[in-house]
Structures are given as structure tokens and as C-alpha cells.
Amino acid sequence: MNTFKHRYNTGLEQSLNISGLVSEGNLTNQEVLRLEKIKEAWNFYEGYHWEGVDDLDSPQVTFNYCRPFVNKFVSFEFGKGFTIKTPMSLEEKGVTVGDTKVVVESLDSDGDNIVTQEEKTEENPEKVVEKTINDYLNAVWDSNKRDELCVEIGQMKSIAGDAWIKVSYESPEDLYDPFEEYPDGRIRLTCVPTQFVFPTFNQHDKDRVDSMLIMYPIEKERETGILWRRSSVTTVIYKEVWTRDEIVVYEDKEEIDRMENPYGIIPFVQIKNFPIAGRTYGMGDLEDLIPLNVELNTKRSDISEIIDYHSAPITCVFGAKIGNLEKGANKVWGGLPKDAKVANLELQGDLGASTNYTESLKTAMCEIGGVPETVLGGANAISNTSGVALQYMNLPLIEKTRVKRSCTKTGLEIVNKMILHISLLEGLIEKPDNISKKDFLYNEVTLPDTLPKDELLELQKLESEMKLGLECRHGALERMGRENINEKLAEIDLEREEHPELFNPMLQTAWYQAQLQGQQVPEINSGMTNGQTPLEQVRTEITGQNGGGSVQ
């Protein structure tokens, strides 16, 4: 089923034309005000700061600080993407993807080695795919352009206050798949423009959506009845009404489809930008910055007008007629009356005070917006700045982003649950019988910190903790932001077994000595016992082979 047409490629001017949405949607006053705020925020992000200004004669200088503020928040929040983690109990269970049995990995009884459980299906007796629930979720996100989608989510919630993610299934008949990558269909993730979403929240639970109205303009051809122009393109409103029971589709006020909701849920997830107590919608990052940006542009325009006024000064003549006076450079005027006076109009006020005022406005925007001036391009030497000092320098940005990430983390985890839920219903995956639905849907999303760190210091810290027994290899790799940790540990263990000289300083020294000797095996008179090479002798002492003591 593919009832939701993804026609979000309408122009910004058309999508923000709220008059058509208001007339077609019977919107409340609060919804109209929300649309106007969203339109204003997008205008300021795009650089249209003078919309509705009647005075077009004076200069209109635009310092668009709204865009770098939003871009900085998006980069700081989603700069390194996000990782998905499922509990070990899920990774020990088999999951069927299509016609292939998924092979999952788990630790053995000692907690060291990876045990691969392979099981082939009747449809594909020779084909085995190693995949976990983690892999499936990551594959869905990657097929939906994870990085680009994260940027859209960050921009949408930063500007409009909320981002809405729709999870849908695209069947093979409706899917454009020129490379035949999805023979069974795929899960589609879409960041729906906030100005198109009109939810109805429960009156007793502000986080529960009882129904959802999706409404946006589309272009439709109509018959004109004129021979030389049989059809014309007109703009109509497309609407979808979602409840947990049914889906109704309207086009130009006419009902064109009605069907049962096969999922039993409304597959839209709200991700608030910054939560406000008691409010069903989040707060955008530009709400407090727009008035200051307006004042900044106004004063900068005044300063620009003053500079233009005095860069080509006006000549004032007092007590004389100027009809016969020649204007221009290198001109000499004579025969003026005794009391006549000629002077250029000069700036008598203090322009420096106006400049200082505009600088204070910029500083106020950084303080209120939570973005330090140095982050926006200030030239401060940070080569010798410690990590703690760098944290304090960016503390306002870090604190605000921490709250934004908490909302994003919760929203993405709900999106992952919907992905698994819809995939089960559409037959893309199968849940094992020995695991509950709650455990099957559980996942944890982590957004790594994007603040630059000294990797060498981090490695030294992890090394000290591991020597003291305060950290394990799995936890160290997880803190370093590595993915597929179990697979990586299995590769390390295999290489340690085959090449122990690469993981022990003493064996490394003997190995390099053997390399320098051209890999020639020394005889007994080389000083080593039993005719062993330096590498073999040290390896015997370290690993405890041939009767040697083992090293713990």
C-alpha cells in the first residue's frame, strides 16, 4: 500500500502560501498563528528580512545571522550522525529477512569469542546472509540517505520548532527501483515539512496524537474546452486524514480514497527542537533571534544611508543665487556677495556610537541564541587551549544542544520501532517466537559528541582504565564511536592468534630484528636455546609453549 504521495518538491513560496491552507483546512486561530510563525522563520533563514516593509527608498542592508545560527546547531547536533544499538538478547536471536535466514552473532560462555549461528532456508539452501537487527535498521536508514535526512530533520526542527518523520512502506509496484535492489519493497522515511502537518492531540495527554491531517498544494491539469489549449495547470490542495482505524484522502475538496489503516498506528513521529512545559509544540531556535536581527538590519541600513549621504556630500550655498554657478571638480566661484557662504554638508554626529550599538546587538544575539561569537568565525587562538577550556568556551552551545539531542534521541528511537513494526506487518522481516514484541522493538540511539577532542589523550585515558580493570575492550570501542564492535573484536582476536608479535612489545622487537636480518633463521650459536630464532624464543616465553609458563 502506498497511499501517501511524496510530493514535497513544491517551491518554498508556494509551500509557505498559507492562505490556501487556511481556506481549505478550516484551521483554528492557533494553527493559523503557527503557520505565520513558521513562514516568518523560513523567510529569515532564506534571507527575506524585508518582506512587508513599505519604505523601499532607504537602503535595505541584510545581515542574515539566522542562517549560520541554524546551520551551526544542525552541524553540532548531527555532525557525526547517530548510532543504533540493540541489546545482546536481540542479537542472539535469528531474524528472517526476505527468503534468507539472518545469521546473528553472540558471545561464547567465556565472553570472548564470537559464535556464528548459521541456518539456511529451503528457498536459498546455499545463500547465508550475516545480519542483525542493528544491520537491518542501519540498512533502512542508509537506503533513505541517512546523512541528508538528518540535515533536513535538524533544519526543520531548528527553524519551525518541530520535525515530523513519516514511516511508510513502498511496494514493488509503486517503488522506483531501476537497479532492482528491493524486490520485496522497502521502508521509506520522509521528513514532512512542518507547515503541512496538522495533528490533533489528546486533550488529556499532550504527547498522544489522536488524528493527523496532512495538507499541501499540488499542481493538477484541468480540461479547458478550448481547442488550442485543451488543458491548464492549476493548484489544488491535497489532504490526508489519518486515524488509527482508517485513512481518508481528499483532492480539491473531493474524497478520492478511503481505506483501513493496516498498521493500527499513526506512522508520524514528532521530534521537538526544544521542549516547553505544557506546550504540544517545540520552540525553534530563531524565535528570540528574529527581533534582534530586525533591529540589527534596521540600524545597519541607517548607518549605510548616512555613509552614502556623506560620501557624496551636498554643497550648500547661503546668501547667493546658484543659477550661474558651475558644478564639478576644479571649479572656482567668484563674484559672490560679501555675506555669502558656501560649505559642504558634513557629518556632525558620532557615527562610532551607532557602530558600537550594532556590535552590541550581534553580541546579544550570540548570548541569547546560545552560540559563542568565536564559533561563528571569531579569530581566537586555540592551539594551546585545553579540552576543559574548550568545553567552557562552548558551554552555552553544548548545554542547548544537550536538550535538543534528548528530544532527537527519543524521536529516532520511536522511528526505529515503527520501522520494525511496519516491516513485520509487510513481511520484510519475521520475529522469532522466543522473543517478546517489546524486546524485539527495543533500541537505543546515540548521538556522538561533535566537539573536537585530542584522540591521543582519549586513547591514553582508555589504556589507563583498562590496565586498572575499570573498562573492557567492548566499552572502549563503544566510547570511541566504533560500529560493529563484535565483528571488530573477532577480527582482533583472530589476528592476535595468527600474529601475536604485533600485539606484544617484546615480540615486536624480536620480529623487527628478524626482518632486519633478512628473515634468516639463526643457528644455535646465535645465543638462543634449542636452535630457535629470536622471534620463536620470545614467543615461547610469552605464550608458554613447549613447557614454558603462560603469561596472564
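The values are calculated or read from the model by the stated rules, or taken from the named source; none is laboratory data. In this text, all values refer to a predicted model and were calculated from it rather than measured experimentally. Cβ coordinates were reconstructed from backbone atoms using ideal geometry, including for glycine residues, and neighbour counts include every protein chain displayed. Accessible surface is based on the protein model in full, side chains and every heavy atom, while ligands, DNA and RNA are left aside. Shrake-Rupley method; radii C 1.70, N 1.55, O 1.52, S 1.80 Å.
Highest mean first, the peptides 263-269, 275-281 sorted by other C-beta atoms within 10 Å per residue fall in the order 263-269, 275-281. Each of R473, R496 has its accessible area taken with a 1.4 Å probe; listed largest first, they run R496, R473.
Here the simple spin-label model places points 7 Å from the Cα toward Cβ, and for D439 and C472 these points are separated by 1.8 nm. Rolling a 1.4 Å probe over the protein heavy atoms leaves R186 with an accessible area of roughly 40 Å².
With the convex hull of its Cα atoms as the shape, the range 409-474 has an orientation-averaged projected area of 7.3 nm². Separation of the alpha carbons by more than 30 angstrom is noted, of K72/K409; K39/K404; K72/K467; K37/K362, for K72/K467. Using heavy atoms of the protein chains and a probe of 1.4 Å, the accessible area assigned to K417 is about 90 Å². Close amide-amide hydrogen proximity is noted between Y169 and R188, each under 5 Å apart and 5 or more residues distant or on a separate chain (H modeled in the peptide plane; Pro and chain starts excluded). Across the protein chains, with a 1.4 Å probe defining accessible surface, the residues W242, W42, W50 rank W50, W42, W242 from largest area downward. Count Lys and Arg as plus one, Asp and Glu as minus one, and take only other residues whose Cβ is under 12 Å from that of I159; the net charge is then -2. Phi angles across the range 174-189 convert, under the Karplus curve 6.51 cos²θ - 1.76 cosθ + 1.60 with θ = phi - 60°, into 3J(HN,Hα) values of 9, 8, 8, 9, x, 9, 6, 8, 10, x, 9, x, 8, 8, 10, 10 Hz, Gly and Pro given as x.
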